[in-house]
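Have a look at the structure below, then the notes.
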Amino acid sequence: MKLLDGKVCADSLVADISRRVAGYVDSGLRKPHMTVILVGEHAPSESYVKSKIKSCENAGFESALLRFPESVTETELLEKIAAINADHATDGLIVQLPVPNHINSQNIINAIDPEKDIDGFHPTNFGRMTLGQKAFRPATAYGICKLLQFYEIPVKAKHCVVIGRSNIVGKPISIMLSNDFEIGNATVTLTHIETPRELLLDETRRADIIIVAVGIPGFVTEDMIKDGVVMIDVGINRLQTGKLVGDVDFENVSKKCSWITPVPGGVGRMTVAALMINTLMAYQNNFDLA
Ligand code: NAP
């Protein structure tokens, strides 16, 4: 078993971005700029936002964190997003999800200018990505593709099973791996909560690559997989002991895998790296750079 080390891959990608940014700045351009909106106090979101801001520093980007209280209204948030959309000094905008229940998250996503939508959640980007057109690709799914590419994991013509169909992970990665992208052309099965257990097991036991994003600790067990599978664990679950674990029973499953992502230090790191790639692309679009 070998580790698909998200830290090693992300550090390499961010170092490359930082070299490019240094070149742009040397030629007289301003730095790329990411703005993050954070609503309320949500411990995991605080930690995700912190790592995004830190990664901006490493990539040579400017960043701004705009905090709003839990009580902020949807209208106030939409007004702020409209102002940032109109601001040419911001290349990329993220509204950290989840937002409080009184705010409709889809309305928020839809309000972000697709040209600044570095999370890749706006219907325009999601649609373009689905059609195989140039787009900001959803960051976690894009990060997984970059990780597979970095470790030269064969994907073309492989049988890939995705467990979980969320709009931010399962659905986009199933589309991206089945598309004719630089990493893709796999035969993909997307499973979800209505997939009968027997069917799920049929699929996972003959899968070459499994991507699991369900948010259930230990969901994938050793009896569900074949020897040599590539396992991508997207889950981030905090146990009562405080330990962070994924959706895979790592100790037992890893023994049967050819490659596996650790949690932490796997897909999470790649999500942030993919955001940096998207922000650089937004900046390059903004300045008509190649
Ligand atoms: P989500 O929105 O809660 O979606 C979970 C998906 O799993 C749903 O599609 C659900 O099906 C499906 N599911 C639930 N139980 C299932 C079962 N027994 N069999 C098959 N499918 C089942 O979660 P998410 O946002 O995708 O996140 C999933 C996990 O990944 C969480 O632990 C989250 O913290 C983590 N995450 C990590 C990153 C990262 O950067 N590493 C990024 C995002 C999320 P239904 O649609 O039918 O309900």
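Just so you know, all these numbers are worked out from the coordinates, no wet-lab data involved. These numbers come from a predicted model, not from an experiment. All Cβ positions, even for glycine, are placed from backbone atoms using ideal geometry, and neighbour counts span all protein chains on display.
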Can you tell me the dipole magnitude for the chain around its Cα centre, using point charges on the Cβ only (Lys, Arg +1; Asp, Glu -1), in Debye to the nearest 20?
500 debye
Quick one: Karplus J couplings for region 260-270, per residue in order, coefficients 6.51, -1.76, 1.60, θ = phi - 60°, nearest Hz, x for Gly and Pro?
8, 8, x, 10, x, x, x, 5, x, 5, 6
May I ask for the angle, rounded to the nearest 10°, between helix 43-59 and the longest principal axis of the chain, with both axes built from Cα atoms and the value confined to 0 to 90°?
70 degrees
For region 280-290, just list the computed ³J(HN,Hα) in residue order, Karplus coefficients 6.51, -1.76 and 1.60, θ = phi - 60°, integers in Hz, with x standing in for Gly and Pro.
4, 5, 4, 5, 4, 4, 4, 9, 6, 8, 5
Which one, VAL234, VAL49, VAL162, has the greatest fluctuation when you compute a Gaussian network model over the chain with C-alpha springs under 10 angstrom?
VAL49
Highest GNM mean-square fluctuation, the chain, Cα pairs closer than 10 Å: which of ALA274, ALA64, ALA135?
ALA64
Spatial separation of Cα centroids for region 159-194 and region 1-63, in angstrom:
26 Å
Calculated from backbone phi, Karplus (6.51, -1.76, 1.60) coupling profile of region 72-80 in Hz, x at Gly/Pro
4, 8, 4, 4, 4, 5, 5, 5, 5
Against the 2.2 N^0.38 Å scaling, with N counting residues, where does region 139-268 land? I'd like the Cα-based Rg ratio to two decimal places.
0.96
What is the magnitude of the charge dipole of region 28-113 about its Cα centre, with +1 placed on the Cβ of each Lys and Arg, -1 on the Cβ of each Asp and Glu, and no other charges, expressed in debye to the nearest 20?
320 debye
Would you pull out the residues with amide H under 5 Å of VAL229's amide H, same chain only if 5 or more places away, H placed 1.01 Å from N?
SER258
Any chance you could tell me what percent of the C-alpha pair distances in the chain go past 24 Å?
51 percent
First obtain the Kirkwood hydrodynamic radius of region 5-156 from its Cα pairs, then insert it into the Stokes-Einstein equation at 10 °C and 1.306 mPa s, and state the resulting D in µm² per second as a whole number.
95 µm²/s
Equivalent-ellipsoid semi-axes (√(5λ), Cα gyration tensor) for region 115-204, whole Å, largest first?
22, 16, 10
For LEU4, the residues 5 or more places away or on another chain with a placed amide H closer than 5 Å to its own amide H are ILE260, THR261
Largest first and to the nearest Å, give the Cα extent of region 28-113 along each principal axis.
43, 29, 18
Compute the helix-to-body angle for 6-26: its Cα long axis versus the longest principal axis of the chain, expressed 0 to 90° and rounded to tens.
20 degrees
Which of LYS116, LYS146, LYS156 moves the most in a Gaussian network model of the chain with Cα springs under 10 Å?
LYS156
Return the long-range amide H neighbours of SER63 (sequence gap of 5 or more, or a different chain), with a cut-off of under 5 Å between placed amide H atoms.
MET34
